[in-house]
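Comments concern the structure below.
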Amino acid sequence: ENCVKLIFGTPGIGKTTLLRHLTRRYAFGEVKSDFDLVLLFPLREKRISTAKSLPDLLAYYGKDTDIVFQSLSSVLQKSKGRSILFLFDGLDEAVHLLKEEGSCLNQLLHGKLLLEATIVITSRPGSCSHLSQLHLKCFEIQGFNETQIKEFVNFFFKQDVAKSAKFFSELRCRPDLNGAAYIPVNLFILCSVFEHEGQSFPSTITSCYQSFFLQLIFRFLREKKGVSRLPPIASFNDLPPEAAGLVRKLSQLCLNGLLSDPKILVFDEKTVGDVFG
């Protein structure tokens with residue numbers, strides 16, 4: 001079997017960010033490495049999850065002719081993958097590939113392809129058991145500790161000591177929110193909502209997510225539609241026409257996924273394209 005390293009952690013803990021950060025540092029020569037080639041593959045992408053051969057997998061990186069990827073594949077296979085690092089992100093979104101003997105991921109993990117390659121794969125904890133038959137080195141991302149939370153908040157509020165202090169004061173009074181602050185993406189949402197809501201938190205967790213979602217909509221309108229200001233929005237019924245249509249389509253996509261049997265929580269490009277046109 002190949003050298004396989006599993007990185008696991010709860011949603012939003014930073015697994016994807018870690019792999020992207022590693023890829024960038026390798027690409028810009030910021031770290032000393034024995035790897036000649038580092039390849040990052042998000043498993044949610046249909047082109048990757050449906051890859052049955054190494055050329056199919058490599059084709060994710062461009063629109064070159066099949067000959068180019070066939071040639072690169074031949075070079076990699078001659079070396080047996082030595083000095084090659086594969087980073088696969090999101091096993092939990094493609095667990096079915098482990099049962100498909102023909103899938104490129106399955107062949108790599110079981111050493112049927114590029115035996116000497118190094119493989120790093122990320123997953124949420126619930127899907128780790130599917131790799132129990134492999135010889136793994138496991139690493140858990142545990143999120144921020146107290147010191148790192150303070151550093152992040154101070155950075156977010158641009159070293160505004162008073163605003164940071166008020167944030168922590170409000171957060172300590174909200175155990176329903178405080179317990180989620182160690183997860184980086186949750187802390188970012190909390191900071192964003194706190195600032196958007198006039199240095200306070202909405203009364204419920206749902207209201208926090210609604211507030212953040214409206215911020216994302218405003219950002220979209222500002223960057224894509226040139227809208228500089230929005231009227232007060234008390235509910236999603238108050239959305240301007242430029243955003244209302246997109247939200248309806250997004251809602252329909254989510255509803256279709258929940259009504260499917262089995263439920264669909266990760267959507268491929270074709271499904272999204274069919275809804276958004």
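General observations
- Each residue in region 70-84 was checked for being under 16 Å from residue 111 (Cβ atoms) and either under 17 Å from the mean Cα position of the chain (by Cα) or in a loop (DSSP other than H, G, I, E, B) (or both), and 4 of them qualify.
Residue-by-condition table, conditions (1) of a type outside the set (S, T, N, Q); (2) within 30 Å of residue 8 (Cβ to Cβ); (3) surrounded by fewer than 14 Cβ atoms within 10 Å (Cβ to Cβ):
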| residue | (1), (2), (3) |
| --- | --- |
| 184 | yes, yes, no |
| 193 | yes, yes, no |
| 207 | no, no, yes |
| 251 | no, no, yes |
| 258 | yes, yes, yes |
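- Residue check for residue 215: among the polar types (S, T, N, Q) and not in a helix (DSSP H, G or I): no
- Scanning region 155-175 for residues that are in a helix (DSSP H, G or I) and out of contact with any helix residue (DSSP H, G or I) (no Cβ under 6 Å at 6 or more places or on another chain) yields 155, 161, 162, 163, 165, 166, 168, 169, 170, 172, 175.
- Search result, residues across region 3-48 that are exposed (fewer than 13 other Cβ atoms within 10 Å of the Cβ), assigned to a loop (DSSP other than H, G, I, E, B) and either within 17 Å of the chain's Cα centre (by Cα) or on the phi < 0 side of the Ramachandran plot (or both): 11, 28, 30, 31, 32, 34, 36
Per-residue answers, yes or no, for (1) among the hydrophobic types (A, V, I, L, M, F, W, C); (2) at positive phi; (3) in contact with a strand residue (DSSP E or B) (Cβ under 8 Å, 6 or more places away or on another chain):
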residue: 77; (1), (2), (3): no, no, no
residue: 85; (1), (2), (3): yes, no, yes
residue: 89; (1), (2), (3): no, no, yes
residue: 100; (1), (2), (3): no, no, no
residue: 104; (1), (2), (3): yes, no, no
residue: 113; (1), (2), (3): yes, no, no
residue: 120; (1), (2), (3): yes, no, yes
residue: 145; (1), (2), (3): no, no, no
residue: 155; (1), (2), (3): yes, no, no
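Okay, residues lined up against (1) open to solvent by 70 Å² or more (accessible area, probe 1.4 Å); (2) assigned to a strand (DSSP E or B):
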{"residue": "86", "(1), (2)": "no, yes"}
{"residue": "96", "(1), (2)": "yes, no"}
{"residue": "101", "(1), (2)": "yes, no"}
{"residue": "106", "(1), (2)": "no, no"}
{"residue": "114", "(1), (2)": "no, no"}
{"residue": "122", "(1), (2)": "no, yes"}
{"residue": "129", "(1), (2)": "yes, no"}
{"residue": "137", "(1), (2)": "yes, yes"}
{"residue": "153", "(1), (2)": "no, no"}
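- Only residues that are within 20 Å of residue 111 (Cα to Cα) and either modelled with pLDDT of 90 or more or surrounded by fewer than 14 Cβ atoms within 10 Å (Cβ to Cβ) (or both) were counted in region 49-69, giving 8.
- Selection of region 139-151 for residues being within 22 Å of residue 192 (Cβ to Cβ), open to solvent by 50 Å² or more (accessible area, probe 1.4 Å) and touching a residue at least 40 places away in the same chain (Cβ under 8 Å) yields only 144.
- Every residue from region 8-52 that is within 21 Å of residue 125 (Cβ to Cβ) and touching a Cys at 6+ places or on another chain (Cβ under 8 Å): 8
- Some residue of region 225-235 being part of a helix (DSSP H, G or I), open to solvent by 80 Å² or more (accessible area, probe 1.4 Å) and out of contact with any strand residue (DSSP E or B) (no Cβ under 9 Å at 6 or more places or on another chain): no
- Residue match in region 237-251 (condition: assigned to a loop (DSSP other than H, G, I, E, B), under 26 Å from the mean Cα position of the chain (by Cα), at pLDDT 80 or above and polar (S, T, N, Q)): no
To keep it simple, each residue is scored yes or no on (1) farther than 19 Å from residue 268 by Cβ; (2) in contact (Cβ under 8 Å) with a residue 60 or more places away in the chain.
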| position | (1), (2) |
| --- | --- |
| 43 | no, yes |
| 50 | no, no |
| 72 | yes, no |
| 82 | yes, no |
| 100 | no, no |
| 109 | yes, yes |
| 116 | yes, yes |
| 119 | yes, yes |
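The values are calculated or read from the model by the stated rules, or taken from the named source; none is laboratory data. All values derive from a computational prediction rather than experimental measurement. A quick note on method: Cβ atoms are made from the backbone with ideal geometry, for glycine too, and the neighbour counts reach across all protein chains shown. Heavy atoms of the whole protein, side chains included, go into the accessibility calculation; ligands, DNA and RNA do not. Shrake-Rupley method; radii C 1.70, N 1.55, O 1.52, S 1.80 Å.
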